[in-house]
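Undergrad: Take this structure, written in structure tokens, and hold onto it; I'll ask about it next.
The values are calculated or read from the model by the stated rules, or taken from the named source; none is laboratory data. Keep in mind that what you see is a predicted model, and the values were worked out from it rather than measured. Cβ placement follows ideal geometry from the backbone for every residue including glycine, while neighbour counts extend to all protein chains displayed. In case anyone asks, the SASA skips ligands and DNA or RNA and just uses the protein heavy atoms, side chains included. Shrake-Rupley method; radii C 1.70, N 1.55, O 1.52, S 1.80 Å.
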Amino acid sequence: MALHRGSRKHKERRISVNPFFGDADPVSGMTEAPPTHRMPKKPLAPTTAYQVVHDELMLDGNARLNLATFVTTWMEPQAGVLMAECLDKNMIDKDEYPRTAELERRCVAILADLWNAPDPSAVVGCSTTGSSEACMLAGMAFKRRWSSRNADRYPGARPNLVMGVNVQVCWEKFCEYWEVEPRLVPMEGDRFHLDPRAAAELCDENTIGVVGVLGSTFDGSYEPIAGLCAELDALKERTGLDIPVHVDGASGAMIAPFLDEDLVWDFRLPRVASINTSGHKYGLVYPGVGWALWRDADALPEELVFRVNYLGGDMPTFALNFSRPGAQVAAQYYTFLRLGREGYQAVQRSTRNVATYLAEGIEALGDFRLLTRGDQLPVFAFTTADHVTAYDVFDVSRRLREYGWLVPAYTFPPNREDLSVLRVVCRNGFSHNLADIFLADLTRALDGLRRQPGPTGDREAATGFHH
């Protein structure tokens, strides 16, 4: 969640509210707008309060045109109805809402099977508010497992976590919050994610684990998880160091099982101790729901698990927060039930087809160079071609915003700070027709951009986020 500051004192506006917002008497109490930075003295009619908030939110961007976010922006109406029916159910109250708890358990079982667990019944897992919480839980399990095995040296020795510099910011937060040294593998040349050998070289006796990303947010590429495990297997043979791997499959763990079935990245690899995914990304559910699964009970230290009374029995829980609605878990189970494997495969294939189609269309314009093509995650990154000097990617992002499209422009991390790119995320609901409209708008934007004397340097006006 974003961190906000309290507001400075504002002058109260003297703006009348539309009289039609009133109920029986349209002018009663409707002569002035309610205060915006303090509570009003008296209640408002529900229709009035709704309309005031609704009208302000109209100024937000259209979520369906947001090509920056990985988060699901469309679900079927039936899913919306189901979620509305569950908004008042607190996910943590397992004994009060046993069927919601059962749906969560079924989702864990489905994912264990989907990710090829050798013994799905041995898998331990839970729902979370999203992949960020799931990654925090996985990191906590890594650290506790390491500290238990190194009780004679910890807390004197400082633990470290090895990962590519392209990891999502939640991993940086984990290292900061839980006092773990981040050891980052930089980008080099045309390699925009972790290199397995370089990762293994950063490992030592204080390494709690290595994070592999199945679908980098920077360019949509898969990291070579099998190659990473092979390097760590070789490291164990040479040194005896036995380093576990966590797969951050926030996006890819709900793409690869359906479109890349021959790719070995999951629990088929013995070194993979845990996996997370975002149900609210390519799991096709509205925000916020994520999932974290551990290979077996040995991968999740028992002391991290809290137990609550569940219908007179024992319900183990592992979470960073407490109260949250059960709606997203119900929606996840609905989507698993609704689509099945064939349905998910069809949706994800269509999304990837749109991504590769759009990438080819952008390349054909002649002004851009593709870094990726959307053939792994339905996500691709591109930059301006070498001959383009009139504008940069930040100008393109700003100009596309005028058409309603949100396309992030950003600079890559070390050692490729010299490279600035645009990135497009294709999601369910972004059709070939919308892709054609996007291409047409981009083509129109280029007409003006090509006539510029040079880049404007106005990076603040562009969308600069990339997660």
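Undergrad: For the stretch 115-160, name all the residues that are free of Cβ contacts under 8 Å to residues at least 24 places away in the same chain and either aliphatic (A, V, I, L, M) or touching a His at 6+ places or on another chain (Cβ under 7 Å) (or both).
TA: Across the stretch 115-160, the qualifying residue is only 151.
Undergrad: Among (1) touching a Ser or Thr at 6+ places or on another chain (Cβ under 7 Å); (2) β-branched (Val, Ile, Thr); (3) open to solvent by 40 Å² or more (accessible area, probe 1.4 Å); (4) modelled with pLDDT of 95 or more, where does residue 308 come up short?
TA: (4)
Undergrad: Of everything in the stretch 138-165 that's in contact with a Leu (Cβ under 7 Å, 6 or more places away or on another chain) and either polar (S, T, N, Q) or farther than 20 Å from residue 185 by Cα (or both), which residue is least open to solvent (accessible area, probe 1.4 Å)?
TA: Of everything passing the filter in the stretch 138-165, 141 is least open to solvent (accessible area, probe 1.4 Å).
Undergrad: Run down 385, 409 and say which single residue is within 30 Å of residue 457 (Cα to Cα) and surrounded by fewer than 22 Cβ atoms within 10 Å (Cβ to Cβ).
TA: After ruling out the rest, the residue left standing is 385.
Undergrad: So, one more: Give the stretch 222-251 a look and list any residue that's under 19 Å from residue 132 (Cα atoms) and crowded, with 24+ Cβ neighbours inside 10 Å, or say none.
TA: Correct list: 223, 246, 247, 248, 249, 250, 251.
Undergrad: So which residues in the stretch 256-287 are among the aliphatic types (A, V, I, L, M), over 30 Å from residue 80 (Cβ atoms) and not in a loop (DSSP other than H, G, I, E, B), if there are any at all?
TA: Result: 272, 273.
Undergrad: Then there is this: Between 80, 61, 130, which is closer than 30 Å to residue 380 by Cα and more than 20 Å from the chain's Cα centre (by Cα)?
TA: Every option except 80 fails the conditions.
Undergrad: Of the residues 172, 188, which is surrounded by fewer than 22 Cβ atoms within 10 Å (Cβ to Cβ) and touching a residue at least 12 places away in the same chain (Cβ under 8 Å)?
TA: Only one candidate passes the filter, namely 188.
Undergrad: Something else now. Output the strands (runs of 3 or more DSSP E) that fall wholly within the stretch 360-467 and possess 3 or more residues being of a type in the set (D, E, K, R), modelled with pLDDT of 95 or more and in contact with a Phe, Trp or Tyr (Cβ under 7 Å, 6 or more places away or on another chain), or say none.
TA: none
Undergrad: Return a yes/no flag: does the stretch 290-300 have any residue that is modelled with pLDDT of 95 or more, open to solvent by 20 Å² or more (accessible area, probe 1.4 Å) and within 24 Å of the chain's Cα centre (by Cα).
TA: Looking for residues that are modelled with pLDDT of 95 or more, open to solvent by 20 Å² or more (accessible area, probe 1.4 Å) and within 24 Å of the chain's Cα centre (by Cα), one finds at least one in the stretch 290-300, hence yes.
Undergrad: Another one. Quick test for you: out of 199, 234, pick the one residue that is free of Cβ contacts under 8 Å to residues at least 40 places away in the same chain and more than 17 Å from residue 166 (Cα to Cα).
TA: 234
Undergrad: Just for the stretch 203-218: of the residues that are part of a loop (DSSP other than H, G, I, E, B) and farther than 29 Å from residue 380 by Cα, which one is most open to solvent (accessible area, probe 1.4 Å)?
TA: Checked the stretch 203-218; the qualifying residue most open to solvent (accessible area, probe 1.4 Å) is 205.
Undergrad: Identify, by number, the condition in (1) surrounded by fewer than 20 Cβ atoms within 10 Å (Cβ to Cβ); (2) in contact with a helix residue (DSSP H, G or I) (Cβ under 9 Å, 6 or more places away or on another chain); (3) outside any loop (DSSP other than H, G, I, E, B); (4) aliphatic (A, V, I, L, M) that residue 71 doesn't meet.
TA: Unmet for residue 71, out of (1) surrounded by fewer than 20 Cβ atoms within 10 Å (Cβ to Cβ); (2) in contact with a helix residue (DSSP H, G or I) (Cβ under 9 Å, 6 or more places away or on another chain); (3) outside any loop (DSSP other than H, G, I, E, B); (4) aliphatic (A, V, I, L, M): (3).
Undergrad: Now, a different point. Filter the stretch 38-61 down to residues that are surrounded by 11 or more Cβ atoms within 10 Å (Cβ to Cβ) and out of contact with any Asp or Glu (no Cβ under 9 Å at 6 or more places or on another chain) and give me whichever is farthest from residue 285 (Cα to Cα).
TA: Of everything passing the filter in the stretch 38-61, 40 is farthest from residue 285 (Cα to Cα).
Undergrad: Taking the condition of being open to solvent by less than 30 Å² (accessible area, probe 1.4 Å) and of a type in the set (Lys, Arg), how many residues in the stretch 77-125 meet it?
TA: Residues flagged as open to solvent by less than 30 Å² (accessible area, probe 1.4 Å) and of a type in the set (Lys, Arg) within the stretch 77-125 amount to 1.
Undergrad: Between residues in the stretch 373-392 that are among the basic types (Lys, Arg) and residues that are surrounded by fewer than 23 Cβ atoms within 10 Å (Cβ to Cβ) and not in a loop (DSSP other than H, G, I, E, B), which pairs lie under 8 Å by C-beta distance while being six or more apart or on different chains?
TA: Filtered contacts from the stretch 373-392: 373/356; 373/360.
Undergrad: Assigned to a loop (DSSP other than H, G, I, E, B) and on the phi > 0 side of the Ramachandran plot: does that describe residue 241?
TA: The answer is no for residue 241.
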